[in-house]
């Protein structure tokens with residue numbers, strides 16, 4: 001009998017102890033979350049600079065390894081040195097940076113799409129890119145009628161001689 | 001012999017919670033999937049006039065509550081027929097999702113065929129975070145009332161969550177290479193997800209290293225509560241920081257033909273995850289029973305010999 005009583009009191013003591021652990025764990029978790037969410041880490045943790053940020057940082061951009069993010073300006077894409085040489089402008093609302101890149105860009109690369117480029121700003125006034133990444137937004141759309149990706153239209157076109165007879 | 005088997009099955013009462021869970025999941029699947037299929041391919045309106053936002057919320061909450069009630073209602077012993085049912089239905093949904101995802105849904109207008117990986121990537125992400133959330137809840141309950149059931153369920157959900165998080169990173173890399181141009185980059189979303197995977201992997205390692213079940217339960221519960229901080233950070237990472245990863249999509253940013261494979265797979269993985277957590281928690285529960293059993297008492301004759 002006394003054994004049973006001892007057991008229950010022991011487990012009650014353990015429960016009180018584990019509840020203290022729970023409160024302590026919660027406190028640590030809440031503190032960590034608050035520090036990360038509201039403690040200004042948003043300003044310190046920067047994945048890329050926008051063209052505006054890059055201009056604002058002036059001399060710091062030269063020779064430093066940086067990521068530049070923005071939109072590919074329409075009409076700015078040039079393949080001057082064959083297929084592996086690529087030039088384009090990256091822009092945001094208030095700034096533009098000219099980018100030179102070597103290598104074949106991802107298939108998604110086009111005008112008005114987001115890009116993140118790794119490299120450095122040169123004194124010659126352009127950004128030398130070593131690594132080109134394309135970012136896309138959260139829009140996922142089925143191709144409309146007349147779009148080159150429209151499967152039915154594409155299959156119809158492939159089976160027909162349409163388009164060939166014109167030449 | 002047959003008589004005793006008969007009585008044992010009869011005495012095992014049906015779990016009333018399962019009926020509630022099935023009803024909730026049916027409502028979720030109806031508003032999440034059936035209404036969309038009818039609208040898209042049969043020109044029928046089965047929505048009862050409910051707006052899209054209400055239907056989406058019903059589907060999400062119904063699926064979530066249904067799965068949680070399955071998990072909480074299980075006694076972690078006895079008949080596994082409910083788990084078998086969950087597995088069978090999960091496979092059916094995954095077959096539907098795969099068929100619609102690979103053969104029925106059109107390719108995305110810019111990404112083309114590769115975008116189809118979204119139909120597994122996004123449901124995997126949702127369910128991985130859900131498994132971690134369930135583990136977090138189990139950790140709190142275990143520390144609060146010391147019931148070993150929570151320890152077993154926590155072990156199951158962390159393990160399944162880690163598998164899903166690992167798959168998530170692999171699927172993401174496969175999608176990233178052709179679209180972004182790289183397999184991986186230290187973008188805030190990707191980095192926080194990797195942290196999540198390794199934090200929970202670490203908790204599994206901690207559980208393996210500690211032999212005393214009480215210490216194991218308490219330490220891993222505390223670690224789970226702290227590691228869970230990363231889950232909201234993963235979710236908000238694309239909003240707080242500029243990133244390579246896109247923002248969360250929602251029904252307004254995704255064309256309707258894409259909804260069906262996405263949602264069918266989401267339900268499929270949800271049910272699969274629920275079944276796996278329950279099976280894994282049963283294994284943990286059996287091991288705990290063994291570990292917590294008092295050592296066999298020495299016989300008096302043996303005791304005499306020792307003395």
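The values are calculated or read from the model by the stated rules, or taken from the named source; none is laboratory data. Everything quoted here is computed from the prediction, not taken from an experiment. FYI the Cβ positions are ideal-geometry reconstructions off the backbone, even for glycines, and counts take in every protein chain you see.
Going residue by residue through the stretch B:151-163, is there one that turns out to be in contact with a helix residue (DSSP H, G or I) (Cβ under 9 Å, 6 or more places away or on another chain), crowded, with 21+ Cβ neighbours inside 10 Å and within 14 Å of chain A (Cβ to nearest Cβ)? Scanning the stretch B:151-163 turns up at least one residue that is in contact with a helix residue (DSSP H, G or I) (Cβ under 9 Å, 6 or more places away or on another chain), crowded, with 21+ Cβ neighbours inside 10 Å and within 14 Å of chain A (Cβ to nearest Cβ). Scanning the stretch A:55-70 for residues being within 13 Å of another protein chain (Cβ to nearest Cβ) and either crowded, with 18+ Cβ neighbours inside 10 Å or under 15 Å from residue A:115 (Cα atoms) (or both) gives a total of 4. Residues that are under 30 Å from residue B:248 (Cβ atoms), more than 7 Å from every other protein chain (Cβ to nearest Cβ) and surrounded by 14 or more Cβ atoms within 10 Å (Cβ to Cβ) within the stretch A:111-126 comprise A:113, A:114, A:115, A:117, A:118, A:119, listed in sequence order. When B:112, B:101, B:78 are checked against the criterion of being within 14 Å of chain A (Cβ to nearest Cβ), on the phi > 0 side of the Ramachandran plot and out of contact with any strand residue (DSSP E or B) (no Cβ under 9 Å at 6 or more places or on another chain), a single residue qualifies: B:112. Does at least one position in the stretch B:134-143 carry a residue that is outside any helix (DSSP H, G or I) and away from chain A (no Cβ under 13 Å)? No, that holds for no residue. Among residues that are surrounded by 17 or more Cβ atoms within 10 Å (Cβ to Cβ) and out of contact with any helix residue (DSSP H, G or I) (no Cβ under 7 Å at 6 or more places or on another chain), residue B:110 is included.
So for the stretch A:97-109 (the condition being surrounded by fewer than 12 Cβ atoms within 10 Å (Cβ to Cβ) and at pLDDT below 85), does at least one residue qualify? No, there is no match, as no residue in the stretch A:97-109 is surrounded by fewer than 12 Cβ atoms within 10 Å (Cβ to Cβ) and at pLDDT below 85. Of the residues making up the stretch A:122-137, those that are over 17 Å from residue B:183 (Cα atoms) and not in a strand (DSSP E or B) are A:122, A:123, A:124, A:125, A:126, A:137.
Within the span defined as the stretch B:184-200, every residue fails to be within 10 Å of another protein chain (Cβ to nearest Cβ), over 16 Å from the mean Cα position of the chain (by Cα), farther than 20 Å from residue B:230 by Cα and free of Cβ contacts under 8 Å to residues at least 60 places away in the same chain.
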